[in-house]
Every structure is written in structure tokens, then in C-alpha cells.
């Protein structure tokens, strides 16, 4: 059984089918890429998985649990974390605090614990800070710890978003165009980072606009166009699929 | 009075009240539609309308013999002048207090608007004192002549109620023409839909927003004048409650929706009149504000508004 | 220095009643303490969590009337003052929950209006249900606290110390909250609610917690208010009071405790001490110089003009307030200072 199974997933906005009949398996330990032209419905798939939208049809099963219509915070607690296509950091909180917030799903301190600074709360806070610093180390962000998130260079903000997502110890990480807006060198570095995330034991579902970028690191590639899956399989096969070429380059190419 | 007559009596009172609320509500709804700001000071512009009317009237030598067409002429001039002055105040408020904050976090302009409201109230308090100010009995029969009551099927209709209804409906018709039949109206609707796109189409955004404030404030000015006639008094704090009730009307109708504001205004007026008849005068604001909360909780888009999904 | 300064201030404040023997001054200081507590409560909601609540005085009223009902001749119930602090906080907090539960999902400005409507309804209901509440006259003869056999009575000095003690405890609690799981959650919600939800924060619960905790602070302020005055009436809890609290918060700087205290102290002293005193001076001067205008002047009625001017000018020219948190300053000036490096406040 796969870690994440999407079965005949559909989402309609009014009369428009943003995602239509999508079936997709993510095996534990793999890097799966979701690619396709702009407006193909890739981000909608993420929004369905993380509970921003409820599916119109089909099912989302993660580790034997159906996620359909589950609230975002519950999805995160269930073991899925994500980043956003347009960076959504907590701009006016420190870099360290951003990562600490990311740990929220694994924290247990009640409001009373927090208010009274019980031993439990202080111990947990120390642990969370320690883990957050580790993540900052891993992503090369240590020197930015006390800066505001918004003051980081763009590429670093992308990294911080991934660090923040990893703070919740997810089994599955959804990355929504982590390379968007970065230069080719940064993109390559990011892809290496994605591989090292996988080596930490985190399965990755990756959205990317640029097909060539993901070919090297993906175990499987799914191609969406107008909400429909038009091809899937190992990168080499998908790359030469005529329907994929048509979707990317237009008819007659 | 028989039960049914009493009901219709209150219905007419409610419609008259509603006419005034509708006129104020239009200003809230138009401004919200175009800049997404709850113009908290708008209710006080309405009070300002009756204060301006009073000051203009004080300049005109009126006597109890002034009557007939002279009164109509004077009334029309006063309405137009009061509306104009209120409109200018509305534009000034937008220019001085809101424009700078157009891209600030949402809290900021709302807090400023509350501040402007307090300032206006206090200026009016300094201007005409802390007690109720009498408003001339300014009716077609002549100055100081008690107003006529037409009796239709056992229900008495006060002349002043009739004036309020007629004037407010005329003002609303004029607004409809302006919004749906003129170039300015088209610009306003375009700016409300998508400010950036409107700008790309060559629409002067600042100008259009200023005009929206002008028109909204002018309508409040008209409401201020007729409220003076209707109640026979005015008071520097009137605008706070009236404004909040008119805002309720705008929300009830669907904020941003011009027809909705009119509908909501009349409904709130009728609710208020019926509450004071069948429950008690002192519960009217509780009832109206409960409606406000219930509408916002259960149908934030109002009766005629459309649900707009938030973008992710 | 950073650790010494607060200690110096606290010690200095403890000596104030020994240096200033004027009872009306001490009373004004104590009332200012009440405003500090109210501003603390509103700061959780507006400053930390970014939710605008406009009818905040309603929770103040609920706290005050809860104590008035349970410790006065009104119903012949005379519960002890000290546990009632907690009870009234809980009742106000509960009302916060009841109002917040259906409304907190509304957009910011709608929420502001809902709370404003609530703020209108509460005093009106208190006024109308005269069988229970005493109507517009309110409830008199409310019990005053006793401690180890010492009755507080109408002597303002013990109230001054009580406010000081409760403010210090509150400061400790608020500082803990700010630097904890829930505090970070609140700020994350203020910054980006959707992203906050994706951190596993139950945004509804966190917002409700902010709302009812803020209301609870107002509840505590209500008990102290009712006990010190020994009487409550609906007129003390209207929109004007809500505006005063908001003005304190805006003036000092939202989201930052030193700022909140500064704002509340300035507004409080202005309201309870400076304007009444100045009115006296001007009137006395007017009487001696036989200037009728001055003799009958009442500066108190202009305080809302002052608050209005504060709200407008601060939002336009210094939106972060007098003593801002580093965070809020940059946020509110985001347009002007984009990209400027700065340190986050910890």
C-alpha cells in the first residue's frame, strides 16, 4: 500500500473542473513530481490534500486514513507538511520563531502551561528551540536566526519555508514550486536539498513547472493538463510521451 | 385605534424611517464597494447634514407667512446646498484621513475612521452645544403650521413622513441614473470590481474614489435635512446610532450592493417601527443590532449580495 | 539596564501613595490601573492576534455586573470579593467564547462591527432589564473587599496597591504567553492565518482563546471597578469606554507590553486626573477674573475630541504608537521600508 493514494480525485469550481479524475500513488521513500503547464490544477491538488478545499469527488488516503475534508491543521498533525507557491512565511516573526511555529502540531503545552510557565512547557519549548536550530543548521540559515523572515533573501525564504514545514516531522512533504523565482544555480541547489530531505526519510511530492528540473531526481512523474492526468511513469518515458510534448509545446509542435 | 390600523400606521412610520436609513446606507455600501472600508464617520456626516441645513436656514429670512412655492424653492435650495457641503466634507475626510492608508493593514483605516467620527461629533458639540437643537417646522402648509395628516382608510399619514419618503425615493432614483447611466457610474462600478484593471483602462482611480465619497456624503446630507423635518430636532450624537443602523441596513441588503442598501434601509426602518410598537421603544437598538450580528454570522453576503470565495 | 529599569519603576510605583497624599490623585492612579488591565486584554485580541474588537467595554460591563449581582443587596447575595475576581473573569471569558465562536471566522472588519453591535447591545440590555439590573441607575451598595480584617472601603490607597499587584501578575502571565506555543500561534495567525493553519495550529481554538482571555482581563477590571466605586450603571460601559481603551492601545503601540502600559497610563491620567484638574483650574481662574466663559468651561467633554485626534494622527503618522514592538513598526510601515534590514524582537 502506498503512503498516499489519490483515487479518482475531482474538484469543480462552478462548472470548471480544476482537477478531474486524478489517480496517483506516492510510495513511501520516493520523490514524485507533479508537472504541467500553468493552470493545470497542480496547486489545486495540494490544496485538496491539505484540506483547503474539500474534494468534489474521489478520495485522498494517507497511511490508511481518509483525509477528505479534513481541516489543514489536522492534516499537518496526520503527517503531511507543505510549502506554498507564493511564499507564505510569518513575515514579522523571527526566522527561528517561524520554524518553532512549524513544530506546533507536535507540541502538547496547553494554554495554562504556557501562561504559568510550567516545567512541562519550558522543557518542551527548549526542545522545540533546539530542534528548530538543528533545522536552521541543516538549511544553512543559522546566521539568520533572529532576523525577520521577510528580511531574508528570496532564495533563503524558500529554504526557510521548507525548514518550517519539516519542523512538524512530516512523513510526506508537499513542495509547491520550491524553485519558482530562483536562478538556475539556486534551483539545482534546491533539488539537491530535496534529495537530502528524502534521505532524512521524508517522502516528497513535488510540483514543478519546469519539466527538465525534476527529471533527474524523480522516481515517477505525473503530468497534468487542464485538470486531467495525461501521462505518468518514470521520467524517461514521460519525457517522450507525445501528449506531454503537445501539452507543453502546443499542437503542431 | 384598531389593531390593523396601528399596524399600517407603523408600517408608514417604518418606511419613512427606512427612507432615511436607506440614504445613509447607500454611502456605506458605495464606499465599502469601492475601497472596502467601513466609513465609520459616515453617520456623523448625516448629522452634519442637518446642522448645515440649520445654518443655511438661519441665513434665510423666514416668517410664518412664507408659504407655498417659496417654501418649496427654499427647501430645494437648502437640500442641494446641504448635500453639496456634506459631499465636500466627505471628500475632505477621504483625502486627509483615508487615502494615505489605502494599502495599509485593514485595521488602520478603520481605526482612523473611528477617530474622524469622534472629531466630527465633538466639533458639532462645540458648534451647537450638547442639547437637542430644534429644527424649523418646515412644511408645505407654511412655517410653524402643524403638518397635515391625510387619512387613508383609517390610517393617518403625516405629511412629513410623505415628504421623507418622496425625497428619499427621488434621491435614490437619481443615484441609480448616475451609477448605471453615466460615465462616472461606469468608472465607479469598474473600480469597485477591479481597481488595477480599471486603472489600466485609463480610469482615474483617485478621482473616482473621491466622487464616490462625495456622492455618499451628499446622500447622507439629504438624509440629514429630511431627518430634521421629520423629527423636528437634531442632536450632535444622532449620527452614531443612525449610522450603525444604516450600516446594518447595508449589511442586510448585501454590502456593496446599491439596490440591497435601499431594500435593507426600508426593512430596518420597518423593523424598528414594529419593535417600538409591539415590543417597546427601548428595545429597538437591541433588536436591530441583533439582526446585524445574526446576518453577519449566518449570511454575511446579505440578502442580495453574492458570496465571494477568498482567494488562496 | 533592561532588567533594572522595570524593578526601579515597580519600587517607585509602590512608594507613590506615600509621597502623594492627595486621595483624589491616588484614586485617579488606581483608575488608570484599571485602564491598563483593559488595555492588556484588548492587546491580546488586537495586538497579538490581529483581530479588531470594537465593543470591548461589553466584557468590562459583564465582569462588573457579575460581581454586582453576587455581592450586593440587589439579590441579597454577598459572596467574598477575592474568589469573585476569578469568577467574573470566567464569566466574561465565557461570554467571549459565546460571542467569538460563531463570529471569529468573519473577516476583520466584519468582526469589528459584530463586536461593536455586541458592545451596543450589552449596556442597552442592562439598562432595559431594570427588574434585575436596576435599570439606568444601576446597582449600588456593592460590597467592598476586606483583607485580613481590613476593610478597603472608599479609601483609594488599598485599591491602588491591588491594581498594582494584579498588573504585575498579569505582566508575568502575558510575557509567558507571548513567548510560548500559544503566543507564537497568535502571531502566526496575525501574520498569515492560512499558513498558520498549515503549521497544525487550530486557528479557531487559538482565536477563541485570545478572545476569551482578552475578555477575562476585562472581567477582572470590571470586578475591581465595581468594588472600588461600590456602584455600577450601564452608562459606564458604552462605546466611549471601548474607544478609550482602543485609544490607549493605539497611542502606546499594539502588540508590545511596555507600549500598551505607556498608552494606558497617558490616556488614563489624561482622563482621570489632568482634564478634571485642568477644568478646576480654569474655572477657578474664570471666577477670580470674572470671565464667564472660563468659569463655566468643562474640559472633560473634549476628551473624545482628544481621543479622536489621537486615533487619526497616530494611525496616519506613527501607526506603531509611541513605544512600538519592533515587529509592529515594520509591519505598519511595510510600504515605506521594504527590504530594510532590522532585528526581530524576541
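Tell me whether region C:255-277 contains one or more residues that are within 14 Å of chain A (Cβ to nearest Cβ), at pLDDT below 95 and within 20 Å of residue C:42 (Cα to Cα).
Among the residues of region C:255-277, at least one is within 14 Å of chain A (Cβ to nearest Cβ), at pLDDT below 95 and within 20 Å of residue C:42 (Cα to Cα), which makes the answer yes.
Could you run through region A:108-143 and say how many residues are assigned to a helix (DSSP H, G or I), closer than 21 Å to residue A:81 by Cβ and facing chain C (nearest Cβ under 10 Å)?
3
Yes/no matrix, rows are residues, columns are (1) more than 30 Å from residue A:150 (Cβ to Cβ); (2) buried (at least 23 other Cβ atoms within 10 Å of the Cβ):
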residue	(1), (2)
A:52	no, no
A:59	yes, no
A:85	no, no
A:92	no, yes
A:102	no, yes
A:115	no, no
A:118	yes, no
A:122	no, no
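From the set of residues in region B:79-131 that are facing chain C (nearest Cβ under 8 Å) and in a loop (DSSP other than H, G, I, E, B), which is farthest from residue C:240 (Cα to Cα)?
Per the stated criteria, the residue is B:103.
Go through region B:235-252 residue by residue and tally those that are surrounded by 24 or more Cβ atoms within 10 Å (Cβ to Cβ) and either out of contact with any helix residue (DSSP H, G or I) (no Cβ under 7 Å at 6 or more places or on another chain) or outside any helix (DSSP H, G or I) (or both).
1
Give the residue that is modelled with the lowest pLDDT, with candidates limited to residues of region C:1-49 that are farther than 24 Å from residue C:154 by Cα and in a loop (DSSP other than H, G, I, E, B).
Across region C:1-49, the extreme among qualifying residues is C:1.
Looking at (1) over 20 Å from the mean Cα position of the chain (by Cα); (2) buried (at least 16 other Cβ atoms within 10 Å of the Cβ); (3) facing chain A (nearest Cβ under 10 Å), which one does residue C:143 not meet, given that it meets all the others?
(3)
Read through the list (1) in contact with a strand residue (DSSP E or B) (Cβ under 9 Å, 6 or more places away or on another chain); (2) touching a residue at least 40 places away in the same chain (Cβ under 8 Å), then give the number of the only condition that residue C:198 fails.
(2)
For region C:176-188, give me each residue that is facing another protein chain (nearest Cβ under 9 Å) and either in a helix (DSSP H, G or I) or closer than 13 Å to residue C:257 by Cα (or both).
C:176, C:177, C:179, C:181, C:182, C:183, C:184, C:185, C:187, C:188, listed by residue number.
Looking for something part of a loop (DSSP other than H, G, I, E, B), within 14 Å of another protein chain (Cβ to nearest Cβ) and either modelled with pLDDT under 90 or surrounded by fewer than 19 Cβ atoms within 10 Å (Cβ to Cβ) (or both) - is there at least one such residue anywhere in region A:191-214?
no
Restricting the search to region C:104-140, which residues are at positive phi and part of a helix (DSSP H, G or I)?
C:135
Which ones in region C:282-311 are under 15 Å from residue C:267 (Cα atoms) and surrounded by 13 or more Cβ atoms within 10 Å (Cβ to Cβ)?
If the condition is that a residue be under 15 Å from residue C:267 (Cα atoms) and surrounded by 13 or more Cβ atoms within 10 Å (Cβ to Cβ), then C:299, C:301, C:302, C:303, C:304, C:305, C:306, C:307, C:308, C:309, C:310, C:311 are the ones that fit.
Among the residues of region B:110-126, is there at least one that is farther than 23 Å from residue B:266 by Cα, surrounded by fewer than 17 Cβ atoms within 10 Å (Cβ to Cβ) and either in contact with a helix residue (DSSP H, G or I) (Cβ under 9 Å, 6 or more places away or on another chain) or at pLDDT 90 or above (or both)?
Checked against the condition, which is being farther than 23 Å from residue B:266 by Cα, surrounded by fewer than 17 Cβ atoms within 10 Å (Cβ to Cβ) and either in contact with a helix residue (DSSP H, G or I) (Cβ under 9 Å, 6 or more places away or on another chain) or at pLDDT 90 or above (or both), region B:110-126 yields at least one hit.
Is it the case that residue C:226 is at pLDDT 95 or above, more than 11 Å from chain A (Cβ to nearest Cβ), more than 16 Å from residue A:103 (Cα to Cα) and assigned to a helix (DSSP H, G or I)?
Against the criterion (at pLDDT 95 or above, more than 11 Å from chain A (Cβ to nearest Cβ), more than 16 Å from residue A:103 (Cα to Cα) and assigned to a helix (DSSP H, G or I)), residue C:226 qualifies.
Looking at (1) without any contact (Cβ under 8 Å) to a residue 24 or more places away in the chain; (2) part of a loop (DSSP other than H, G, I, E, B); (3) not assigned by TED's automatic domain parsing to the domain that holds residue A:100, which is the only condition residue A:182 fails?
All conditions pass for residue A:182, except number (1).
Kindly indicate whether any position in region B:164-176 is farther than 21 Å from residue B:45 by Cβ, assigned to a helix (DSSP H, G or I) and out of contact with any helix residue (DSSP H, G or I) (no Cβ under 9 Å at 6 or more places or on another chain).
yes
Is region B:253-268 home to any residue that is within 11 Å of chain C (Cβ to nearest Cβ), assigned to a helix (DSSP H, G or I), under 20 Å from the mean Cα position of the chain (by Cα) and buried (at least 17 other Cβ atoms within 10 Å of the Cβ)?
So far as region B:253-268 goes, no, none of its residues is within 11 Å of chain C (Cβ to nearest Cβ), assigned to a helix (DSSP H, G or I), under 20 Å from the mean Cα position of the chain (by Cα) and buried (at least 17 other Cβ atoms within 10 Å of the Cβ).
Assigned to a helix (DSSP H, G or I) and in contact with a helix residue (DSSP H, G or I) (Cβ under 7 Å, 6 or more places away or on another chain) - does that describe any residue in region B:59-66?
No, region B:59-66 contains no residue that is assigned to a helix (DSSP H, G or I) and in contact with a helix residue (DSSP H, G or I) (Cβ under 7 Å, 6 or more places away or on another chain).
Between C:89, C:68, C:101, which is away from chain B (no Cβ under 14 Å), closer than 23 Å to residue C:50 by Cα and part of a helix (DSSP H, G or I)?
C:89
Considering only region A:94-107, state which residues are in contact (Cβ under 8 Å) with a residue 12 or more places away in the chain, out of contact with any strand residue (DSSP E or B) (no Cβ under 7 Å at 6 or more places or on another chain) and over 23 Å from residue A:67 (Cβ atoms).
Result: A:96, A:98, A:99, A:100.
Residue check, residue B:222 against (1) within 14 Å of another protein chain (Cβ to nearest Cβ); (2) under 28 Å from residue B:89 (Cβ atoms); (3) part of a helix (DSSP H, G or I), all met but one. Which one?
Looking at each condition in turn, residue B:222 falls short on (1).
Could you tell me which residue of region A:70-82 is surrounded by the most Cβ atoms within 10 Å (Cβ to Cβ), considering only residues that are more than 9 Å from chain C (Cβ to nearest Cβ) and touching a strand residue (DSSP E or B) at 6+ places or on another chain (Cβ under 8 Å)?
A:80
The values are calculated or read from the model by the stated rules, or taken from the named source; none is laboratory data. All values derive from a computational prediction rather than experimental measurement. Note that we place each Cβ from the backbone using ideal geometry, even for glycine, and neighbour counts take in every protein chain shown.
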